[in-house]
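Below: the structure, in structure tokens.
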Amino acid sequence: MGVVWCGPFIFYDFYVFQYSTSMAGGIWFAEKLLAGDEDVRRAFIDALKAGGSDYAYRILLEAGLDMASPEPYRATVRRMNDIMDRIEGLLGDEG
């Protein structure tokens, strides 16, 4: 194995932070959508339609998601716990 090069972009403009927080927001939306929340469905579509018309934080806040609250991150932990439970279930007695 050689050295893996990643461009300097990874160190600029909170790139990694933006990537991880967008994943947390997406997981929050997915959790609500899979639960059949029609209001969140409409709000999510409106957020997508908004595009880059405002700061992402404001667009998401309008859609019902406050990225400054713990809820999107709690949703991420719930999702990861669910995935780990499934993996452990697949492993059975082997794990």
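Rule-based calculations on the coordinates, nothing more; no lab input. Since the structure is predicted, the reported quantities are computational estimates derived from the model, not experimental observations. All Cβ positions, glycine included, derive from the backbone under ideal geometry; neighbour counts span all protein chains shown.
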Checking GLY36 against (1) under 25 Å from PHE17 (Cβ atoms); (2) part of a loop (DSSP other than H, G, I, E, B), the condition it does not meet: (1)
Please specify each residue of the stretch 8-33 satisfying the condition of being among the acidic types (Asp, Glu) and either touching a strand residue (DSSP E or B) at 6+ places or on another chain (Cβ under 7 Å) or not in a loop (DSSP other than H, G, I, E, B) (or both). GLU31
Residue ID - surrounded by the most Cβ atoms within 10 Å (Cβ to Cβ), chosen from residues in the stretch 36-95 that are among the hydroxyl-bearing types (Ser, Thr, Tyr) and within 12 Å of ALA24 (Cα to Cα): THR76
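Rundown of residues vs (1) assigned to a helix (DSSP H, G or I); (2) under 18 Å from LYS32 (Cβ atoms), yes/no style:
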residue	(1), (2)
LEU65	no, yes
PRO72	yes, yes
VAL77	yes, yes
GLY89	yes, no
Go through (1) within 16 Å of ALA75 (Cα to Cα); (2) out of contact with any Gly (no Cβ under 8 Å at 6 or more places or on another chain); (3) not basic (Lys, Arg) one by one and return the number of the condition VAL16 breaks. (1)
